[in-house]
């Protein structure tokens, strides 16, 4: 049960991070980077890194 909660929290944090990245506000972008550090990055970032190789 705790694992489900953790996974849902990470998914929510990733969603918030994505919304913040789309902002023009520099502080929002910095907050997004901090969220990504804790969650392991957003799904889009992981896809971008795979494409770069």
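A few notes on this one:
- Tabulated pairs, the range 1-27, first in contact (Cβ under 8 Å) with a residue 60 or more places away in the chain, second part of a helix (DSSP H, G or I), C-beta under 8 angstrom, 6+ apart or interchain: none
- Meeting the requirement of 1 or more residues that are at pLDDT 90 or above and surrounded by 12 or more Cβ atoms within 10 Å (Cβ to Cβ), the helices (runs of 4 or more DSSP H) wholly within the range 1-52 are 2-21, 26-39.
The values are calculated or read from the model by the stated rules, or taken from the named source; none is laboratory data. Computed from a prediction, not measured in an experiment: that's the story for all the values here. Neighbour counts run over all protein chains shown; Cβ positions are idealised from the backbone, glycine included.
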